[in-house]
1. For region 350-357, does any single residue satisfy the condition of being surrounded by 10 or more Cβ atoms within 10 Å (Cβ to Cβ), part of a helix (DSSP H, G or I) and under 60 Å from the mean Cα position of the chain (by Cα)?
2. Within region 173-181, identify whether any single residue is touching a residue at least 40 places away in the same chain (Cβ under 8 Å) and loosely packed, with under 14 Cβ neighbours inside 10 Å, and answer yes or no.
3. Only one of ARG235, ARG217 is surrounded by fewer than 22 Cβ atoms within 10 Å (Cβ to Cβ) and on the phi < 0 side of the Ramachandran plot. Can you tell me which?
4. I need a count of the residues in region 61-79 that are touching a residue at least 60 places away in the same chain (Cβ under 8 Å) and loosely packed, with under 15 Cβ neighbours inside 10 Å.
5. Quick check: is even one residue across region 246-265 among the acidic types (Asp, Glu), in a loop (DSSP other than H, G, I, E, B) and surrounded by fewer than 19 Cβ atoms within 10 Å (Cβ to Cβ)?
6. Of the numbered conditions (1) under 14 Å from VAL105 (Cβ atoms); (2) modelled with pLDDT of 85 or more; (3) surrounded by fewer than 13 Cβ atoms within 10 Å (Cβ to Cβ), TYR49 fails exactly one; give the number of that condition.
7. Identify all residues within region 266-300 that are assigned to a helix (DSSP H, G or I) and within 30 Å of VAL234 (Cβ to Cβ); write none if there are none.
Amino acid sequence: MDEGFAAGTPAGNVPEYTVSEISGAIRRTLEGTFGRVRVRGEITEFKRYPSGHVYFSLKDERGKIAGVVWRGSVSRLGLVPENGLEIIATGKISAYGERSSYQLVVERMEYAGEGALLARIERLRLKLAEEGLFDAERKRRFPLLPQVIGVVTSAQGAVLHDIRTTLARRFPRQLLVWPVAVQGEGAAAQVTAAINGFSQLDGTGPVPRPDVLIVARGGGSLEDLMAFNDEGVVRAAAACTIPLISAVGHETDTTLIDFAADRRAPTPTAAAEMAVPVRTELLADLEHRGARALGALSRQMQTARLRLDRAAAALPDLPALLQTARMQLDDRGRRLDVALPGFVQKQRAALVAIERHMPSVETLLSARRTQLALLGNGLLNGLRHGLQGKEARLGRVRLSPAPLAALVRERRVALAGSGGQLEAVSPKAVLARGYALVTAEGQPVTSARALKTGEQVTLTFGDGSQDAVIGRRKGGERAQGLLDL
């Protein structure tokens, strides 16, 4: 009875809903039940639409949930989402009725623990190291005393105050500050823009170009320092043309900008100490170096003076040497005065002795006359005997007068021809034509260069001889062939 009635009765007590009512009820149930939630997962299927909305999915080992970030919340996320990033998303569960799906409307994101952050930082570090951004060869030298120091940091906080105080205490320098956000959304972009902006300054405009650049931030958690682990910031630090000091966090904090910077300072105060020396220490060092230079100069002068004194002591006494030379000269003069008459007397005595052994002139002449007479007698006797022999031979020769006269004429003609030839080649015939024969000391002179100025020469003409003296030309040149009779 009951079963038949139940089977035949229509299901009028089951409520009926429209699709929109069911979708709205599910949406209200999800939003009312869960409220604000924190969901941990890995970002996948990340998409950024031109409208500014961001769509993605969060997944773990056993499930996946869709997520969305509305355009107005993107700037307040706290990090830049990307595929493969493990995060904790804070938001609320809502349903999308048109597709019968639910999704997580995210208002804030944060990294899922330090382990995930450190793994991501390590991957980026290895990637940049392979590109050579951390090589020691890229590090730039710092000037000893920079004129302008640039600082990239927050305008508020103790960091800027510590840097100013340290510079004023050590060595006051001109400070150029580029204020930036050091954490949160957009901090990495601001720091990158500040580093690139300082690097592009050329110093010709109203803003001077810094000689040293300090990127500083106070301490904080790993999430707070993530802006300085950003790839864009690290690349800007490596490409900066100004020597850069990284002073991010406390001494134990390490960020990727520390590897790309030219120097790393444990604190902002230490960065300011690295940038400039202590003025009092510089002055003391200068005084010390000046004292050392003066001492070294004094020692060198003393050494040079000692060497000079030794050299002077080793030199002979010039006045004494001169006096000794004068005495020797006087002594030689006196001895010469005494020795010269004695030498002359000795030579005269020798001549007298030689004269005594020589025969007299009359004796020599008498001997010569005797020899001459003997030779004359012998010559006369020889001539007499010769003439007698000639006469005897002539007596034996019988010649007629006619051939003899012809022979004489022939001999005379031959003699006249020979005489004419001799007369043609005779030097006197040449002299008669106007030439002169120059002789010096009895020898003929054949070259004008052989004559000296003032030398005595003899000029022989056709009708006699004259003595002459060699003169000079005008201008002091030696006369060649010019004579003074």
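1. No: zero hits.
2. For region 173-181, residues touching a residue at least 40 places away in the same chain (Cβ under 8 Å) and loosely packed, with under 14 Cβ neighbours inside 10 Å: absent.
3. ARG235
4. So the count comes out to 2.
5. Yes, the conditions are met somewhere in region 246-265.
6. Tallying (1) under 14 Å from VAL105 (Cβ atoms); (2) modelled with pLDDT of 85 or more; (3) surrounded by fewer than 13 Cβ atoms within 10 Å (Cβ to Cβ), TYR49 fails exactly one: (1).
7. Once the filter is applied, which keeps residues that are assigned to a helix (DSSP H, G or I) and within 30 Å of VAL234 (Cβ to Cβ), region 266-300 yields PRO268, THR269, ALA270, ALA271, ALA272, GLU273, MET274, ALA275.
Per-residue answers, yes or no, for (1) under 35 Å from the mean Cα position of the chain (by Cα); (2) outside the structural domain of VAL152 (by TED's automatic domain parsing):
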{"position": "PRO243", "(1), (2)": "yes, no"}
{"position": "GLU251", "(1), (2)": "no, no"}
{"position": "THR254", "(1), (2)": "no, no"}
{"position": "ARG263", "(1), (2)": "yes, no"}
{"position": "PRO266", "(1), (2)": "no, no"}
{"position": "LEU286", "(1), (2)": "yes, yes"}
{"position": "GLY290", "(1), (2)": "yes, yes"}
{"position": "ALA296", "(1), (2)": "yes, yes"}
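The values are calculated or read from the model by the stated rules, or taken from the named source; none is laboratory data. Source: prediction; values computed, not measured. Reconstructed Cβ throughout: ideal geometry from the backbone, glycine too, with neighbour counts over all protein chains shown.
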